[in-house]
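The values are calculated or read from the model by the stated rules, or taken from the named source; none is laboratory data. Only a predicted model underlies this, so the values are computations on that prediction, with no experimental measurement involved. With ideal geometry, Cβ positions are generated from the backbone for all residues, glycine too; neighbour counts draw on all protein chains shown.
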Amino acid sequence: MSDLLTIYNRYRLLIFPVLIGISILLLIIFVVYPQVSGLLKGQSDIANMESRQVTLLAKVKDLDSLSAEDLKSKMKIAVTALPIERDYPGTIGLIQNEVAKNGLELESLQVSQVASIGGQNGYSLNIGIFGPKENFNKLLTSLGKTSQILRVTSIEVSPSRASTNLAVILTLDAFYAPAPNNLGPVEAPVQKLSPDDEKTLQDLAASQPQNTSTDSFSSAPRGRPNPFE
Amino acid sequence: MKLTINLLPNEFALKSKEQAKFNLVQTISILAVLVIILLASGVVALNITQNKKISNLESSIKQSEDDIKSFKDKEISLSVLKDRLATINKLSKVPSKQIAAYRFITQLLPGNLFISSLSSDKTGSVILSALVPDYPTLEQTMTVLTDQAAFNTVSKVDVESLSRSKDGVYRLNLKLTMK
């Protein structure tokens, strides 16, 4: 022990600063460095979290400001125009209604199952109609403004020599679109309706009957008005 | 005048000088340790504050996520609506070639020409069979179909067949390819 003290006293000018230096180094390695790096990482985490919080708060505000009733009525209009599943009764009812409204006779109607029309889910309907030429022209106009999206894809006209009547076979495409499966991440912004979307909704609403009661088979397409209820 | 004489041995003076040097090293070392301890304490305190802030932010984000979940129905409806309207817009913006072809032909051809059949297929091509009562009507038909204005809508006109019966009626079969 006395030997150690003698050595220490002899070299204390060297030993003391070295011991202090080692202590400082250990403090830096085991305390200061981890804490400082944690602090820096924490700063970046806070920045990310603050930005996420701003996005989420904006989303909450946007969602809160939406009227559930308004959304429901818009949804009803959109689902009527483009059902979520094959709506044969609704489409047939709509066609019957349009043909009758334009003073024509529906002679035949055949539905053919088509999985995809130009990348969109849909099915085709062949309809045979008979009636005056002017009324057929009116029907072609009204088919472009129906409550459900229909597209004329072929026309076969056979006029009668004895009268102004036409026998026509029309092929119509009707469309549907299933509901999407996922909504994306929670921080994905709320998809707001653009002025174009609002205009489309107005046009669709104008083409749809105001009172679509459940018993009016021929005037309203069928299908769930809200697929989530 | 005062005269001082150091009678201590030289060895003692060296020892005293060494002690002073050690005292200086000791002071500097202790100060360095204190500074590092102070720095470490400061950083630890900042970390604690930061962790508290992170914890507050996490609970706030959790609250916002819960709020969003409570609006899930609205969000789904809006997403479906937006998606559906995009599809509706896409489908509505494509006009029916067949309707356009039918309208174009029925408006363009002379009134006394009798269309015995007209069919417009999925590609928009039109096959037309007509009975033309006389030569001037036939000439008028061919003129309007080959006029430059007609080629704004039609890209090709094929006369598939043309025959004349004893009664002077022309039978005309045409194929029109629409633009």
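Answer with yes or no whether residue B:143 is within 30 Å of residue A:159 (Cα to Cα), surrounded by 13 or more Cβ atoms within 10 Å (Cβ to Cβ), modelled with pLDDT of 85 or more and not aliphatic (A, V, I, L, M).
Values: within 30 Å of residue A:159 (Cα to Cα): yes; surrounded by 13 or more Cβ atoms within 10 Å (Cβ to Cβ): no; modelled with pLDDT of 85 or more: yes; not aliphatic (A, V, I, L, M): yes.
So residue B:143 does not fit the description; no.
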Suppose we filter the range A:176-186 for residues that are surrounded by 12 or more Cβ atoms within 10 Å (Cβ to Cβ) and at the interface with chain B (Cβ under 9 Å from one of its Cβ atoms); how many remain? 5
With criteria (1) over 30 Å from residue B:72 (Cβ atoms); (2) modelled with pLDDT of 90 or more; (3) surrounded by 15 or more Cβ atoms within 10 Å (Cβ to Cβ), residue A:146 comes up short on (2)
(1) facing chain B (nearest Cβ under 10 Å); (2) not in a strand (DSSP E or B) all hold for residue A:147 apart from (1)
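Yes or no, residue by residue, for (1) in contact (Cβ under 8 Å) with a residue 24 or more places away in the chain; (2) more than 30 Å from residue A:197 (Cβ to Cβ):
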| residue | (1), (2) |
| --- | --- |
| B:92 | no, no |
| B:110 | yes, yes |
| B:117 | no, yes |
| B:126 | yes, yes |
| B:138 | yes, yes |
| B:142 | no, yes |
| B:156 | no, yes |
| B:163 | no, yes |
Does residue B:48 meet the test of being over 27 Å from residue A:185 (Cβ atoms), more than 7 Å from chain A (Cβ to nearest Cβ) and either free of Cβ contacts under 8 Å to residues at least 40 places away in the same chain or hydrophobic (A, V, I, L, M, F, W, C) (or both)? yes
Take the residues of the range B:60-74 that are facing chain A (nearest Cβ under 7 Å) and assigned to a helix (DSSP H, G or I): which is farthest from residue A:191 (Cα to Cα)? B:60
Looking across the range A:187-229 at residues that are modelled with pLDDT of 70 or more, in a loop (DSSP other than H, G, I, E, B) and among the charged types (D, E, K, R), the single one that is surrounded by the fewest Cβ atoms within 10 Å (Cβ to Cβ) is A:192
Breaking point among (1) touching a helix residue (DSSP H, G or I) at 6+ places or on another chain (Cβ under 8 Å); (2) more than 7 Å from every other protein chain (Cβ to nearest Cβ); (3) among the charged types (D, E, K, R), for residue B:97: (1)
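Mind checking which residues of the range A:76-89 are over 15 Å from residue A:173 (Cβ atoms) and buried (at least 21 other Cβ atoms within 10 Å of the Cβ)? Before the answer, list the steps.
Our first condition is that a residue be over 15 Å from residue A:173 (Cβ atoms); within the range A:76-89, this holds for A:76-80, A:84-85, A:89.
Result: A:77, A:78, A:79, A:80.
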What is the one condition in (1) surrounded by fewer than 16 Cβ atoms within 10 Å (Cβ to Cβ); (2) touching a Phe, Trp or Tyr at 6+ places or on another chain (Cβ under 8 Å); (3) at pLDDT 90 or above that residue A:34 does not satisfy? (2)
